[in-house]
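The values are calculated or read from the model by the stated rules, or taken from the named source; none is laboratory data. Bear in mind the structure is a predicted one, so any value in this text is a computation, not a measurement. FYI the Cβ positions are ideal-geometry reconstructions off the backbone, even for glycines, and counts take in every protein chain you see. Surface areas here come from the heavy atoms of the whole protein model, side chains and all, with no ligands, DNA or RNA. Shrake-Rupley method; radii C 1.70, N 1.55, O 1.52, S 1.80 Å.
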Amino acid sequence: MTPREIIAKAWAITKKERPIRRWGYAAAIAETLLNIKLLIYQVWFAISYWKGDPIGFFTVEATLMEHVPFWLFLTFIITLIILLIIEWLLPNLSRGAIIGLAAKSYKGEEVKGGLVLAVYNFFPIFAIHEMFFLGRITVIITISSILLRYGGGVAPFAIGILVIFYILSNIFQFFCIFAEEAVVICRDEDNNRIGVGRALKQSLKMVISYLGQIVFLLLLFFVIVLRVVLNVVMVLLIPGIVIGIGFLLALVMPPIVGYSIATVLGLALVGVASYFFAYLAVFKQTVWTLTYLELGKLKELDVIEMTANS
C-alpha cells in the first residue's frame, strides 16, 4: 500500500469502528482532564512566581484544608489521587486495545476483545511509554516548576539540561515508534508475545531500514501538531470559560449554585472536546499500526538468502 492508501484506510477504520473510538474517547477524556489540572496548577504557580512569592508544591492542598471541613478535604484528596492514577494509566491501557482492534479491522477479523487486548498488553506498553517520559512537555513543565521553586541558582542550568534530554528523548522515541505495535501484534517462533527489548530493537531496525519509504510519516506530524494545538486551545479555554461563568452566576445566585452549574458545564465541555480528540488519537495510532503491518510484509534488508551455485 502507498502512504496515501494507508492514511485513507486508517481514516476509514477510524470512522467505521465504534469500539476503537470508545477506547480513544476514554483515553482522550483522561488526558484532557489531566492537562487541565496541570494547567490550572501551573498558571497559579506562574502568576505567584512573577509576583515574587511562588507557591509551594502543596499550597493548593493547604489552602483548601483551611477553608473546608476536614471530611470534605479528605474526600477531595482521595478522589483527586484516584482520578490522577486513572488519568495516568488509562491512556496506556487504551493504546493496546486501539492497536489490536485496528489490526483486526485491517485484517478483516471481528473487532472485539478490546478489554483483553488492553489488559494483556498494558505493562509492556506502559514500560515503553514511561521509558520516554522526558519526551512529554507536561513532564518538562512540572519538573521545571519544581526546579524554579527549590533549585535556587542552579535552576536555569538544570532546566537547560532538561530541555536537552527532552529533545534526545523525542529523537529516540521516533526510532522506537513501532515498539508498541510490535508488543501487541508480533509473535515469536513459539507464538508468544515478544518482550519490550525485542520490540524496541525491531522498531529501530524497521525505521532505519525503510526510512526512505517512511517519508509519509511527515504527514502525521501535521496531525500531531493539529492535535496538540487543539488540545492546548481547549485546555486553555475550558478553565477560563468555567471560571468566568462561575463568577457571573455567583453574582445573580448563591455562589455554591453558580459554581456547581459552572462545574457541570465544564465537564460537558471536556466531554465534547474529548470526542474530537478521540478521532485524532485513534487515527494517528491506526496509521502507525497499518504502517507496521505493511512494513512487516517486506523482506528485512539485513537478510541475505543463500542459494546454491548452479
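So that you can scan it fast, the table gives a plain yes or no per residue for (1) modelled with pLDDT of 85 or more; (2) of a type in the set (A, V, I, L, M); (3) under 25 Å from Val270 (Cα atoms); (4) in contact with a helix residue (DSSP H, G or I) (Cβ under 7 Å, 6 or more places away or on another chain):
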position	(1), (2), (3), (4)
Arg198	yes, no, no, no
Lys205	yes, no, no, no
Gly212	no, no, no, no
Val223	no, yes, yes, yes
Val229	no, yes, yes, no
Met234	no, yes, yes, yes
Leading residue by the ranking (most open to solvent (accessible area, probe 1.4 Å)) among those in region 99-127 that are small (Gly, Ala, Ser) and on the phi < 0 side of the Ramachandran plot: Ala127
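So that you can scan it fast, the table gives a plain yes or no per residue for (1) open to solvent by less than 40 Å² (accessible area, probe 1.4 Å); (2) of a type in the set (S, T, N, Q); (3) part of a loop (DSSP other than H, G, I, E, B):
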| residue | (1), (2), (3) |
| --- | --- |
| Ile140 | yes, no, no |
| Leu148 | no, no, no |
| Gly153 | no, no, no |
| Ala158 | yes, no, no |
| Ser169 | yes, yes, no |
| Val184 | yes, no, no |
Considering every residue within region 22-36, establish whether at least one is assigned to a helix (DSSP H, G or I), of a type in the set (Asp, Glu) and modelled with pLDDT under 80. no
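Tell me, which residue of region 254-310 that is polar (S, T, N, Q) and more than 29 Å from Leu93 (Cβ to Cβ) is modelled with the highest pLDDT?
Checked region 254-310; the qualifying residue modelled with the highest pLDDT is Ser260.
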